[in-house]
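One structure below.
None of the figures in this text is laboratory data; all of them are computed from the coordinates on show. All values derive from a computational prediction rather than experimental measurement. Neighbour counts are summed over all protein chains in view; Cβ atoms, including those assigned to glycine, are modelled from backbone coordinates with ideal geometry.
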Amino acid sequence: MKTVTLEVATREDVTRRALDALKGRKQRARISFGTPELLWKVLTAKRWEVLKTMAGQGPLTIREIARRVGRDVKAVHGDVHALLAAGLLERTDTGVAFPFDAIRVEFTLRAA
């Protein structure tokens, strides 16, 4: 199963992992956000539904995604482009793909 981890991480954490990868240390697939607020701004409930629908399905057209989630094509088009900009989806010759079978969300909420 190919899993991506969505996380809240500092720039230093991301840089450290990149340097580890350059040294040959295996890294998990991750997409990092600077704050929990940014994570939730990108991952709205409707976009989360798009990702769940696309997981493990291969490339889909925006029209097909809209049909599967039961939403308007124009609205899904906006969500797909936001997910592309965030690096969660990939463009293909036949549409867009979510190249993972599972999503893990990881962050820590600390006391102020």
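Check each of the trypsin sites (Lys or Arg not before Pro) in the stretch 50-112 and keep only those in coil by DSSP with at most 16 other C-beta atoms within 10 angstrom; list them in order.
Numbers: sites: 52, 63, 67, 68, 71, 74, 91, 104, 110; in loops: 71, 110.
Filter output for the stretch 50-112: 71, 110.
Based on DSSP H segments of at least four residues, each scored -39500 (n - 2.57), the chain has a per-residue ellipticity at 222 nm of -13000 deg cm²/dmol.
Within the stretch 27-72, the proportion of Cα pairs with more than 18 Å between them is 42 percent. Under 13 Å from the 7 Å Cα→Cβ point of residue 41, by amide nitrogen: which residues of the stretch 70-90? The answer is 86, whose backbone nitrogens lie closer than 13 Å to the label point.
Treating only the Cβ atoms of Lys and Arg (+1) and Asp and Glu (-1) as charged, compute the dipole magnitude of the chain about its Cα centre; round to the nearest 20 debye.
In debye, rounded to 20, the chain gives about 160.
Only one of the values [x] 1.05; [y] 1.33; [z] 1.01 was calculated from this structure for Rg/Rh (Cα atoms, Kirkwood Rh); name its label. Here Rg/Rh (Cα atoms, Kirkwood Rh) agrees with entry [z].
Once you've got the GNM for the chain with C-alpha springs shorter than 10 Å, pick whichever of 82, 18, 55 has the biggest mean-square fluctuation. Looking only at 82, 18, 55, the biggest GNM fluctuation is shown by 18. Less than 12 Å apart at the alpha-carbon level, and either on another chain or at least 8 residues along: which aspartates and glutamates does that give for residue 41? Leaving aside aspartates and glutamates fewer than 8 places away in the same chain, those within reach of residue 41 are 79. The calculated FRET efficiency for residue 94 paired with residue 74, based on their beta-carbon distance and R0 = 22 Å, is about 0.60.
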